[in-house]
Amino acid sequence: MTTKGKVTGITSNLVTIEVDGPVAQNEICLIDLEGVKLMAEVIKVTGKNAFVQVYESTRGLKTGDKAEFQGYMLEATLGPGILSSNYDGLQNNLSTMKGVFLERGEYTSPLDTEKQWDFTPIAKEGDIVSAADWLGEVKEGWLPHKIMVPFSFKGKYTVKSVASAGQYRINDTIAVVTDDSGDDHNITMVQKWPVKVAITAYKEKPRPYRVMETGVRIIDTLNPIAEGGTGFIPGPFGCGKTVLQHAIAKQGEADVIIMAACGERANEVVEIFTEFPELVDPRTGRKLMERTTIICNTSNMPVAAREASVYTAMTIGEYYRAMGLKVLLLADSTSRWAQALREMSNRMEELPGADAFPVDLPAIISNFYARAGIVTLNNGKTGSVTFIGTVSPAGGNLKEPVTESTKKAARCFYALSQNRADRKRYPAVDPIDSYSKYLEYPEIIEYLQKRVESGWVDKVNKAKNIIKQGKESFEQINILGDDGVPMEYHERYWKSELIDFIILQQDAFDDIDASTPMERQEFMLTKVLEICDRKFDFDGFEECNAYFKEIINIMRQMNYSEFNSDKFKGYLEQLNNKINQQ
């Protein structure tokens, strides 16, 4: 029997409903507003009163309006056709809207139910299968999209029949399986899954053991992120968070890209919609959008929809991970998600934490980040979800609650510096404040020793020490003046500047410098450290400045040349001659 109720209180999009039966936490209900059905989610139940947050504007809603509870949580629709699509947080397909805006109560289908897909069977009659096992595949763009046993299935099933190769719609039956009781279950290409429940249909979830290469030197060289790892990018407005995310999306070692714009300003969302379809995938030469899904909710949308967008994005990422694919999920910005949680917490008059955020904010963020990871599937293959979020701390304060809570959950911290952005040193990632805890993992160290060279981590730590010493020397020079410090201080400072200009700074809009493979990063860091290891005997700081400026000028030209071209070798010879003369 369906539970029903009536509205007894309204506070913006927080609505109190008196119910006549049982309701569950996070259950979906529909509120009738003059024939228009408004979708809402239960966030608190007290006696006969259910508190729901409405995903749309509650303008015109009044006490006494009827509500009907649906018996399920907010679900994502999973199947072929997700890639290349633009969704909102409720997975409404924004490309099939009737107008510029979705009207209240208007919900569009996430997938095209009429399109036919070329199906190829994988399983065969008599096979024993369980949730997430592959039954067949279709081509979604150039990627293999696996058709799986629904994640909601429990226990073992016997394949009774599988459709032969051919063209089918997503709602056509492509397999029939039989459970232990002898009951048959028809399986189509599409399934549903609640977005706030992690998909755990896999054999095991090991610790990350290999690096996801991004082509961005300040990440790959100094603070690498693991495949299936987590990281976040905090920084003030205008420091390049979005541009850095775009660079990682374009060049990252991933099969599927998911962009979640959570509470972004409308102009930034429009920028994503216009720029992403134009980006060329360097791996295939085709459009990057062919393997990308965008999920967005602008900052003027109700808080409930903003919160839903990150969960919908993660659920889609887990779905593609179950196909054995590498998924890169980018969320911009998790601060707006946390602000949405704060708004709802305050309206419910809950006990506030720091800066009025919910007391359980660290637990909410940790639980969400924990859904990322690399997994071993039932068939022994691996899939991964690598999650990188951005944080927009008010006034650039990296000590505020969202940043501090995220630090506890994420393993990589890429702090954007206003000072570096003002000096046009991009990416504006602060090399001293940033870190990667994956460099402490024995599995990652072993991987890097095989991928790059045996002493790679030691070289990275050595470069970090030079940068740190250079910063300290620069502060002393600023306080005491050029002549007030020993020559060693100038030398240390310029060695750190050498690493900064050659390794840390990178042109995201240059065809060659935009992405640097690990082999070239190894070559560049080795060459720079060779110069830093040399003992110099300068007559004065002017000579020191002039020498290193010339070296930097020569080496910066290497950044924009082909790795093994004659031009590159010419610069290298010129550099060696200069060093040998010294």
Helical mean residue ellipticity (222 nm; -39500 (n - 2.57) per DSSP H run of 4+; nearest 500) of the chain = -9500 deg cm²/dmol
inquiry  = Can you give me the accessible area per residue for the range 456-581, using a 1.4 Å probe, in Å²?
reply    = 52
query = Of all the accessible heavy-atom surface of the chain, with the other protein chains kept in place and a 1.4 Å probe, what percent is carbon and sulfur?
reply = 48
task = Could you calculate the contour length gain from L279 to D482, that is, 0.36 nm times the residue separation minus the distance between their Cα atoms, to one decimal place in nm?
result = 68.4 nm
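List the relative contact order of the range 94-157 as a percent without decimals, with contacts defined as Cα pairs under 8 Å and 6+ residues apart. Spell out each step's value before the answer.
Working: 70 pairs, mean separation 16.3, N = 64.
Relative contact order here is 25 percent.
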ask   = Over 23 Å between Cα atoms, which of K146/K407; K156/K192; K115/K139; K287/K381; K205/K250; K437/K468 qualify?
value = K146/K407; K287/K381; K205/K250
For E446, solvent-accessible area (1.4 Å; no DNA, RNA or ligand), Å² = 100
inquiry  = Please list, by residue number, everything in the range 1-26 whose backbone N is under 11 Å from a paramagnetic label point 7 Å out along Cα→Cβ of T63.
reply    = 7-10
ask   = About the Cα centre of the range 4-73, what is the dipole size in debye to 20, counting +1 per Lys and Arg Cβ and -1 per Asp and Glu Cβ, all else neutral?
value = 140
inquiry  = From Cα pairs below 8 angstrom and at least 6 apart in sequence, can you work out the relative contact order of the chain, rounded to a whole percent?
reply    = 12
ask   = Roughly speaking, what is the centre-to-centre gap between the range 332-354 and the range 176-219 when only Cα atoms are used, to the nearest Å?
value = 30
key: E264 long-range amide H proximity, modeled H, under 5 Å   = N297, S299, S333
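For a quick protection proxy, order the peptides 244-253, 43-52 by their average other-Cβ count within 10 Å, most packed first.
In descending order of packing, they fall as 244-253, 43-52.
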request  = Treat each spin label as a single point 7 Å out from the Cα along the C-beta direction, and report the K535 to Q449 distance in nm.
outcome  = 3.1
ask   = Residues with amide H under 5 Å of I147's amide H, sequence separation 5 or more or different chain, H placed in the peptide plane at 1.01 Å from N; which?
value = L135, G136, E137, V138
message = Projecting each Cα onto the charge dipole of the range 211-436 (Lys/Arg +1, Asp/Glu -1 at the beta carbon, about the Cα centre), which of V280, I364, S405 comes out farthest on the positive side?
response = V280
ask   = Under the Karplus relation 6.51 cos²θ - 1.76 cosθ + 1.60, θ = phi - 60°, what is the ordered set of whole-Hz ³J(HN,Hα) values for the range 317-323, x standing for Gly and Pro?
value = x, 5, 4, 6, 4, 5, 8
Selection from G353, P234, G252 lying farthest towards where the dipole of the range 219-358 points positive, charges on Cβ = G252
task = Pull up the DSSP beta bridges for the chain and report the antiparallel fraction as a percent, rounded to 5.
result = 70
key: Computed FRET value (nearest 0.05) for A165 with K462, which takes r as the C-beta separation and R₀ as 41 Å   = 0.15
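What percent do you get for the relative contact order of the range 456-581 when only Cα pairs under 8 Å and 6+ apart count?
Numbers: 97 pairs, mean separation 30.7, N = 126.
Across the range 456-581, relative contact order equals 24 percent.
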Label-point separation in nm, D118 to A514, each point 7 Å along Cα→Cβ = 3.0
remark   = Between K578 and N397, the two model label points (7 Å from Cα along the beta-carbon direction) sit apart by a distance in nm of 4.5
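What's the magnitude of the charge dipole for the chain around its Cα centre, counting Lys and Arg as +1 and Asp and Glu as -1 at the beta-carbon? Answer in Debye, nearest 20. Spell out each step's value before the answer.
Numbers: 67 positive and 81 negative charges, 151 e Å.
Its charge dipole is roughly 720 debye.
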task = Could you please tell me the mean projected area of the C-alpha convex hull for the chain, averaged over all directions and given in square nanometres to one decimal?
result = 30.1
request  = Enumerate the amide H contacts of G383 below 5 Å, restricted to partners 5 or more residues apart or on another chain; note that Pro and chain-start residues carry no placed amide H.
outcome  = V375, L377
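What order do you get for 330-340, 371-381, 571-581 when each peptide is scored by the mean count of other beta carbon atoms within 10 Å, highest first?
Working: 330-340: 25.2, 371-381: 18.2, 571-581: 12.7.
Ranked by mean Cβ neighbours within 10 Å, highest first: 330-340, 371-381, 571-581.
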request  = Taking the Cα centre of the range 117-190 as origin, work out the dipole magnitude from +1 charges on Lys and Arg Cβ and -1 charges on Asp and Glu Cβ, in debye rounded to 20.
outcome  = 140
task = Tell me the Kirkwood hydrodynamic radius of the range 456-581 in angstroms, computed as one over the mean inverse distance between distinct C-alpha pairs.
result = 15.4
ask   = Quick one: length gained pulling N300 to M97 fully straight, 0.36 nm per residue minus the C-alpha distance?
value = 71.2 nm
request  = Enter the Cα centre distance for the pair the range 248-277 and the range 391-440, rounded to the nearest angstrom.
outcome  = 20
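With a ≥ b ≥ c the root eigenvalues of the C-alpha gyration tensor of the range 209-299, is it rounded (a/c under 1.5), prolate (a/b larger than b/c) or oblate?
Working: a/c = 1.84, a/b = 1.22, b/c = 1.51.
It is oblate, given that a/c is not under 1.5 and a/b is not larger than b/c.
In terms of the Cα gyration tensor, with a ≥ b ≥ c the square roots of its eigenvalues, is the range 1-158 rounded because a/c is under 1.5, prolate because a/b exceeds b/c, or oblate? Working shown, then result.
Working: a/c = 3.56, a/b = 1.70, b/c = 2.10.
Taking the square roots of the gyration eigenvalues as a ≥ b ≥ c, the range 1-158 is oblate.
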message = Whole-Hz ³J(HN,Hα) for each residue in the range 188-205, computed from phi via Karplus 6.51 cos²θ - 1.76 cosθ + 1.60 with θ = phi - 60°, x for glycine and proline: what do you get?
response = 10, 7, 10, 8, 10, 8, x, 5, 8, 10, 5, 7, 10, 7, 8, 6, 7, 10
Backbone HN-Hα couplings from phi across the range 298-312 [Karplus 6.51/-1.76/1.60, Hz, Gly and Pro as x] = 6, 5, 8, 7, x, 4, 4, 5, 5, 5, 5, 4, 5, 6, 4
inquiry  = Using a 1.4 Å probe on the protein heavy atoms only, what accessible surface does S57 show? Give it in Å² to the nearest 10.
reply    = 50
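The values are calculated or read from the model by the stated rules, or taken from the named source; none is laboratory data. What you see is a predicted model, and the numbers here were worked out from it, not measured in a lab. Note that each Cβ is placed from the backbone with ideal geometry, even for glycine, and that neighbours are counted across all protein chains shown. With ligands, DNA and RNA removed, areas are computed over all heavy atoms of the protein, side chains included. Shrake-Rupley method; radii C 1.70, N 1.55, O 1.52, S 1.80 Å.
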